[in-house]
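Below: the structure, in structure tokens.
The values are calculated or read from the model by the stated rules, or taken from the named source; none is laboratory data. Please read all numbers here as calculations on a predicted model, not as lab measurements. Backbone-built Cβ (ideal geometry, glycine too); neighbour counts: all protein chains shown.
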Amino acid sequence: MINTHVDDDARSDSSYTAMSDSSIDRFPPRSDSSATSHDWEMRSVSPAPSVYSMTSSLRQAAYRQEYGRGLNNYSDVYSLPADEEELQRLDHQHRMFKAVMGRYPPPMTEVLQQDQTEEKVVVDLGCGSGSWILDVARDFTHCNAIAIDLVPMQTLDLPPNCRSEVDDINLGLQHYLGAFNVAHASFICTGIRDYAGLVDQISNALRRGGLIDLTEYNFVIHDGNKQKIDVPEIKEGEEVTGPWLPRWMSLAQKAIRTRGGEVEAADHLARWVSDHGAFENVVHRPFWFQASPWNTNTDPEAIRQNEIAKVMREDMLQFLKSGRPLLLGAGIPEDLVNKVEANATQELREARTKLFILIENVYAQKRQL
Ligand SMILES: C[S@@+](CC[C@H](N)C(=O)[O-])C[C@H]1O[C@@H](n2cnc3c(N)ncnc32)[C@H](O)[C@@H]1O
């Protein structure tokens, strides 16, 4: 039987060091960074043996401009930006989650222990700015670190054991059969058509004993009692009302669904991994975050949560802007997007409405037999 452990109050011991980590600097793109091609014929074999050159024309072809932001040019599903502004948001977000959730899932160090039998390989599926996989490459120098995304990683100083590959995960991971010791994915559900299918693909891409590590958000906002806020449908001719962040998220959910992304993946991660026969030692960790520093208590824990929430609020404020191409591209009228965005921004800045965000993390190991 698969043992699913639910850690109700999952929280790392690491004290919160908001945004002080400047180890990941951002640089303008270089013209010769490594990447494989998006095209199926040119997709890397398992595991990719060589580094492919990304020419500046290929790099240019990777992006398109929409609604004032730079988006990936390959996927019709993923419609959040891939520009400098978004990459910076992702770097900051990564530091916040790392401080709260811990640097890596607990079994990772053991799974990646150096041994004589094989070279350990880690993949970050939908790496974004690459913060996580760069941490891995620097912390585990004996491992190979592979970053996959719809656009090439922009970092200039890729460590020698780190490679950036351009690929659409929706095309499958068949070319990575048994290639990885760790497969990590965080916040990619907006670009994934069939997430349960992805879990299955990962089960084949992992080696025995390998670690799957998934983190997702379902674009739902909870009230001060951690109850889901249901936002009524907007009816023709009726005034649109708040609470506004939940309202904005409901528009985002609709837009993601319209594009074909699996917006509710976070709700099902634990079941998909537990029910999949390939995995054991399944651990489910829900993490609650205040959306803004609304806690009026003065005890140390309330103060700590407010500190984290200040960072979360900045992330959310940026995310409201990042979401414009997603919402507008899905046909949501601009005046509605503007109104909801402006009110949600005000709601977050005022920090009077008690709102929670739930982030779901699931990790497990591929069975030995
Ligand atoms: C919200 S960002 C998260 C980035 C990173 N995982 C993090 O946690 O900071 C989602 C990333 O997933 C990538 N992505 C989404 N769908 C993808 C797909 N089908 N194939 C490859 N990458 C995808 C996007 O291009 C984007 O960089």
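Assess whether Gln116 counts as being more than 12 Å from the chain's Cα centre (by Cα), away from the ligand (no atom under 16 Å from the Cβ) and either farther than 23 Å from Arg285 by Cβ or without any contact (Cβ under 8 Å) to a residue 12 or more places away in the chain (or both). Before you say what the answer is, go through the steps one by one.
Values: more than 12 Å from the chain's Cα centre (by Cα): yes; away from the ligand (no atom under 16 Å from the Cβ): yes; either farther than 23 Å from Arg285 by Cβ or without any contact (Cβ under 8 Å) to a residue 12 or more places away in the chain (or both): yes.
Yes; evaluated as a whole, the condition is true for this residue.
Scanning the stretch 245-265 for residues that are within 27 Å of Lys366 (Cβ to Cβ) and either among the charged types (D, E, K, R) or touching a Pro at 6+ places or on another chain (Cβ under 9 Å) (or both) yields Glu262, Glu264. When Ile202 is tested against (1) at pLDDT 95 or above; (2) within 11 Å of the ligand (Cβ to nearest atom); (3) of a type outside the set (Ser, Thr, Tyr), just one condition goes unmet, and that condition is (2).
Taken together, the residues in the stretch 91-113 that are within 16 Å of the ligand (Cβ to nearest atom), part of a loop (DSSP other than H, G, I, E, B) and either more than 15 Å from the chain's Cα centre (by Cα) or not basic (Lys, Arg) (or both) amount to 3.
Of the candidates Ala183, Ala196, the single residue that is surrounded by 21 or more Cβ atoms within 10 Å (Cβ to Cβ), within 16 Å of the ligand (Cβ to nearest atom) and not in a loop (DSSP other than H, G, I, E, B) is Ala183.
All of (1) surrounded by fewer than 23 Cβ atoms within 10 Å (Cβ to Cβ); (2) in contact (Cβ under 8 Å) with a residue 40 or more places away in the chain hold for Ser250 with one exception: (2).
When the stretch 303-344 is limited to residues that are in contact (Cβ under 8 Å) with a residue 40 or more places away in the chain and polar (S, T, N, Q), the one that is farthest from His92 (Cα to Cα) turns out to be Asn343. Picking from residues in the stretch 131-147 that are without any contact (Cβ under 8 Å) to a residue 60 or more places away in the chain and surrounded by 24 or more Cβ atoms within 10 Å (Cβ to Cβ), the one that is nearest to the ligand (Cβ to nearest atom) is Trp132. The residues of the stretch 333-362 that are surrounded by 22 or more Cβ atoms within 10 Å (Cβ to Cβ), outside any helix (DSSP H, G or I) and in contact with a Lys or Arg (Cβ under 8 Å, 6 or more places away or on another chain), listed by number, are Asn361, Val362.
Just so you know, in the stretch 251-285 the residues that are of a type in the set (Gly, Ala, Ser) and either modelled with pLDDT under 95 or touching a Phe, Trp or Tyr at 6+ places or on another chain (Cβ under 8 Å) (or both) include one that is nearest to Glu334 (Cα to Cα), and it is Ala252.
Is one or more of the residues making up the stretch 298-319 in a loop (DSSP other than H, G, I, E, B), of a type outside the set (Ser, Thr, Tyr) and surrounded by fewer than 19 Cβ atoms within 10 Å (Cβ to Cβ)? Spell out the reasoning first.
Taking the stretch 298-319 as the starting set, the residues that turn out to be in a loop (DSSP other than H, G, I, E, B) are 298-299.
Pick out the ones that are also of a type outside the set (Ser, Thr, Tyr) and you get 299.
Those left that are additionally surrounded by fewer than 19 Cβ atoms within 10 Å (Cβ to Cβ): 299.
Yes, there is a match, as at least one residue in the stretch 298-319 is in a loop (DSSP other than H, G, I, E, B), of a type outside the set (Ser, Thr, Tyr) and surrounded by fewer than 19 Cβ atoms within 10 Å (Cβ to Cβ).
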